[in-house]
1. Taking segment A:64-106 as the region of interest, how many residues are at the interface with chain B (Cβ under 7 Å from one of its Cβ atoms) and touching a residue at least 12 places away in the same chain (Cβ under 8 Å)?
2. Return the residues of segment C:153-169 that are of a type in the set (A, V, I, L, M), within 13 Å of another protein chain (Cβ to nearest Cβ) and surrounded by 15 or more Cβ atoms within 10 Å (Cβ to Cβ); say none if nothing qualifies.
3. Does B:Gly117 count as within 24 Å of B:Phe263 (Cα to Cα), at pLDDT below 95, within 14 Å of chain C (Cβ to nearest Cβ) and part of a loop (DSSP other than H, G, I, E, B)?
4. Select from segment B:152-171 the residues that are surrounded by 19 or more Cβ atoms within 10 Å (Cβ to Cβ) and either within 27 Å of B:Val34 (Cβ to Cβ) or out of contact with any Lys or Arg (no Cβ under 8 Å at 6 or more places or on another chain) (or both) and list them in ascending order.
5. Against the definition (in contact with an Asp or Glu (Cβ under 9 Å, 6 or more places away or on another chain), part of a loop (DSSP other than H, G, I, E, B) and under 21 Å from A:Tyr160 (Cβ atoms)), how does A:Gly295 come out, yes or no?
6. Got a sec? Which of B:Pro542, B:Pro480 is within 13 Å of chain A (Cβ to nearest Cβ) and either in contact (Cβ under 8 Å) with a residue 24 or more places away in the chain or of a type in the set (S, T, N, Q) (or both)?
7. Does B:Glu252 count as surrounded by fewer than 24 Cβ atoms within 10 Å (Cβ to Cβ) and either touching a strand residue (DSSP E or B) at 6+ places or on another chain (Cβ under 6 Å) or within 12 Å of another protein chain (Cβ to nearest Cβ) (or both)?
Amino acid sequence: MMLVSTLKRCFVRAFLAGLSFFLLLCVSGCSFKTKQSSLDPKGPIALAQYDLFMVTVWVTLFIFVTVGGALLWVVWRFRQRPDDDDDHMPNQSHGNPLVEVGLIVASILLLVIIAVPTLRVLVYTFELPEDEGSKLGQWYQGPLTEEDAETILTVNVMGYQWWWAFEYPQLGITTANELVIPEGKVVKLNLRSADVIHSFWLPKIAGKVDLIPGRANWMWIKADEPGHYYGQCAEFCGSAHAYMLFRSDVLSHRDFEAWVEYQKKDAPEALEVSVAAGERLFAEKTCIQCHTIRGNQYAMGIKGPDLTHVASRKSLAAGIMDNRGVDGRIDRLKQRENLFEWIKNSQHIKPGNLMYHDDAGLKTVPLSDDDVHKIVAYLQTLN
Amino acid sequence: MAVSTHAPVADKRLLPPSKSLIGLIRPDTSTGLVDWLTTVDHKKIGIMYGGFALFFFLLGGIEALLIRLQLMYPGGTVVSAQTYNQLFTMHGTTMVFLAVMPLNAAFFNFVMPLQIGARDVAFPRLNALGLWAFVAGALILNLSWLFQWAQVFGWFTPVSGQMDIVPAIGWFGYAPITGKNYSGIGTDFWIFGLQVLGVASLVGSFNFITTIINMRAPGMTMMRLPLFTWMTLITSFLIIFAFPAITIALVELMFDRFFGTNFYHVEMGGQPILWQHLFWIFGHPEVYILILPTMGIVSEILPTFARKPLFGYPMVVFSGAVIGFLGFAVWSHHMFTTGLGVVATAAFSLLTMAIAVPTGVKILNWIGTLWGGHIRFSVPMVFALGFIWMFMMGGFSGIMHSAAPADAQQQDSYFVVAHFHYVLIGGALLAILGGLYFWVPKIFGRMMSEKVGYIAASAIIIGFNVAFFPMHYLGLTGMPRRTHTYLAGFGWETWNFVATIGAFVLGIGVLMVIIDLIRTVASGKPCGSDPWDARTLEWSLPSPVPAYNFAHNPVIPGRDAWWLHKYGKKPEQEIEYEKTGPEGIHMPSQSWWPLVSSVGLLVVGVAMALHSAGVPYCGYVAIGGLGLSVVSFFLWALEGPGGYHLTPPDDGDEPQKVLASYTPEPSQKLELTH
Amino acid sequence: MNSDISSAATVDALHHEEHSSTGIENKKLMMWLFLASDCMFFGTLITTHLIYRKLYPSGAAEEGILNIKNTFNIELTSFSTFILLMSSFLMALAVSAMHKGQLQSFRKNVLGVIFFGLIFLGCQVYEFTEFSMGNPTAGIPPLTLSNSIFGSTFYLMTGTHGTHVAIGVLWLVAMFFYSFSGRMNIHSAIDVEVAGLYWHFVDIVWIVIFTAVYLIEYI
């Protein structure tokens, strides 16, 4: 009996010590401003979702403190003390309807506090805002049809195993794995999938909406300030699901227009000898079967990402490889290494992807290091 | 046929073998292995359920620890992406279908008939089928590991060229990733495994409902049922209404894969969202199928160790029923991000919030039970208190999910992983372990070690919180679930490391419990029939419980009958016993057919998956397996219920008052009547 | 209680004297529970069918593949529906005969149910064959499991129902032969009644399917 009571004390002490150490870690080891944090909202949708989340946090924290406190107090107050009679018979009360109904009413009231803002934010996120200033004609200086001028910027997001295509139908451009949008404007995203279910999640800008094959989902987003944002597929979509990342660049109007102008151009012709060799290899090694490069008349494939301006992207392989240097701009040397590594070892980096491998993961195209270097040299000119 | 006067209990092994209606000898008088394989005794079936479930629970735990090892550091290379996906698929499927559900079923089987004063369940052979079909389904799922290893060694290659032989589709198996284009024969193992498990759950539930409604002892009115029995009843109803949805969804998927139908073929107009609806119409009630029985366990433990009746019994029963009912009306909250539209999302959001009310009622009533009590911190009580605390925290993150727009950030992130592990480990598992410590003295007549119990409980509760509390943070800072790795630099490194440490502490705690359980069964300290000074009828029986449970049928004086009997002030609060007639107690005969028909189902499942892999003749083997099941069902029917009679011993192991007129005649101690 | 406990009659009586809190036999209660669950099975199938039906008015994602109204042979299906309804009537007679202990009458009626059930199954097999082949000369396109979403939902649902009927027929055949074993007596009435419940349920489900799947095409 002595041993048991000692153990009980040890148990309580160990538990409390562990708890306090844990809480200490929590306070010291948490930053809410990390790269992909939903607790650092940078757009109205993420902000509305964050505010609603905080309402639920405060309400549940209140319940936690009152109910948890009551539980602790009751357990402490009515514990059997060492000198108590083992056979002590407490009052055999069966319940108290008044208390029970009162607590039910109280819990319903607490839920109403959550329900009201939930419905408000729900309607807000599900309705495309009628924002005059966001219409393309109001801020975009490039050529537009009259119809397009009256609508807001639309991006068709297409999910593939395991990468993203972003098509701007009003602007006539397509890019991959990097969603570029203007600051402060409402953007409508049409979410479609080419194979299995994916989910578009850009935590600092908006919570997720699924891309379901055969289903026309959409969402609207708006980013408050320019910056480089991180997103990821959030629905399990096969073996390399963890590698289906994407990036989002939010640009000022001026930068965005410059970016669009640039993207509209075809890829430059391969003039240098070494680059032309790369271009030839790009065709010979079957790359053209899956990739499109506008300006290269042979590269018309649609199974893989559009590579017309691949060298202008800040990341590679659906966001796994970062091409940027410390200053946040593209580091050409790093990009070259990444491209080489990716083309050489794509199956190792992202198992199951379709690049010149069959279903069993066996190489279908022989590639020497020299070939890869040449192809990289060519790709780096697509800038 | 007289027995030695020293035999305290009539022994069926002394009976000559009986024959079935078609002349086959039934294994009535068997011992050892044959006895366990053919038993129809709900207690033995319950023990086997528990044993198998603990084995699969360990397997699922090992899978979990591998997952945690892989995620310990960014860019982990412990397992490959495909293996990781197989691990989380099997971990989820195993824990839900092969661990928590059968552990609950183990308690249903062992405890429920004792609590209502019955001698067995309504259909003893069907009960055995439930057990063996569960084992068959579990084997179908897990045999896929063997074939995967065979593939790794090059002995086996599916014709499709897809190498995921262990399912790698998630326990939810969202179409179209389960289609033939995107996944290999792992999906077939998964489909057939779940179908067979569905058969097991359904027959078990039909049986439990019939038993509870029809086989209560005299005086055991519905509002006198122990809470655990009530939750068994509600859970069984949930199972019979929820499982058809997934069964049909799986049949549709199977037809898509085997016969080219178009239910989920997008090109032909199939809608993958249909799968999600059907799956969650099953899947959400499933959540309550996992948690309601454990709420019942806690509702038994708390009053016992507070020495007070459950506070607001009718309210707790009613809230359980409301939870079960609402459980069918909230499935789409798993689909808030699928673009349901504003009306549906709002409706499911509000209904989900509503379900917090009956859940809260239960927690408040548990606190009310403790209020004014005389609380002993025995091991079951430590687990039960841990349950309330952890389940409450899981409930809070649940309320956060119910706010649909906020859920858009939480869905499919580690925040959700934290939420449901708080509900399923902090909730279900703690209660199950509490129930284990609570009822093992009754099941085996031996006490588990208190010392080990306290240490294990501490390790489990602390390890669990260290593992899963940080996941709230990970999810909110953007870490998605089901990713086999993550990049450095996103602020996830520290807490993933901490979570892995916690998971191992949790694992050690669970292992301690299981090792101590094995030690207890083998050589634990024997205990009396009522070591906890408990309240319900099962504690009035000797430990371990004799084959016929009650030597004389009890007449129930009120709620918490055994407590009333022990401490009631009035004579009418005592349990009376209806004298067993001279013909003895009718016992059901044992049978091979539940086992044989389950073997048939096992053959069907494995053969169909191999057929899909292109192994020759497997189609015929599958048909043969189905034929074996059908034939054994016919023989089952022809063999009839059978049965024999045992006369209870005269000294009456019942610790109680047999009606005065009862005077047993020694010469009739043991009599074969059929 | 009879003290002569070794006599077969007493054993039988003992076995049938099951303790029941509600007064409903366990077997019957169990069958009701199964049927409640079965409702969900058919509910899921019929709902799937109707949802896809609404989504694709032509029955397939691609227009012009099917011509459902012409594919259907409503006269034949009406006939088999009528047959199934009549079999339910005979089933009720069989149950009633068993309750009275009239074994001969029971056998006659059960044989009738089996016969009608087989006619229904025969009609379904004929129907499935006709539908899946179509009639190119009359301009009726085939309807198969895999050529359209309508084919998938239609065959799976009616096929599941057909399987239920077939199981019912097997059950009754087994009972018919068992009735010659000499072990069937008035206590077996509950077994027949349970089989009857199942048969009636399968019948009712067919009425729902006939309405929601066949007749609805003609509104």
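1. 2
2. Within segment C:153-169, C:Leu156, C:Met157, C:Ala166 meet the criteria.
3. no
4. Once the filter is applied, which keeps residues that are surrounded by 19 or more Cβ atoms within 10 Å (Cβ to Cβ) and either within 27 Å of B:Val34 (Cβ to Cβ) or out of contact with any Lys or Arg (no Cβ under 8 Å at 6 or more places or on another chain) (or both), segment B:152-171 yields B:Pro158, B:Gln162, B:Met163, B:Asp164, B:Ile165, B:Val166, B:Pro167, B:Ala168, B:Ile169, B:Trp171.
5. no
6. Answer to the selection: B:Pro480.
7. For B:Glu252, the condition - surrounded by fewer than 24 Cβ atoms within 10 Å (Cβ to Cβ) and either touching a strand residue (DSSP E or B) at 6+ places or on another chain (Cβ under 6 Å) or within 12 Å of another protein chain (Cβ to nearest Cβ) (or both) - is not met.
Yes/no per residue for (1) under 20 Å from B:Gly427 (Cα atoms); (2) among the polar types (S, T, N, Q); (3) part of a helix (DSSP H, G or I):
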residue	(1), (2), (3)
B:Gln70	no, yes, yes
B:Val79	no, no, no
B:Gly92	yes, no, yes
B:Phe97	yes, no, yes
B:Pro113	no, no, yes
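The values are calculated or read from the model by the stated rules, or taken from the named source; none is laboratory data. Keep in mind it's a predicted model, so treat the numbers as computed, not measured. Positions of Cβ are backbone-derived with ideal geometry, glycine not excepted, and every protein chain shown enters the neighbour counts.
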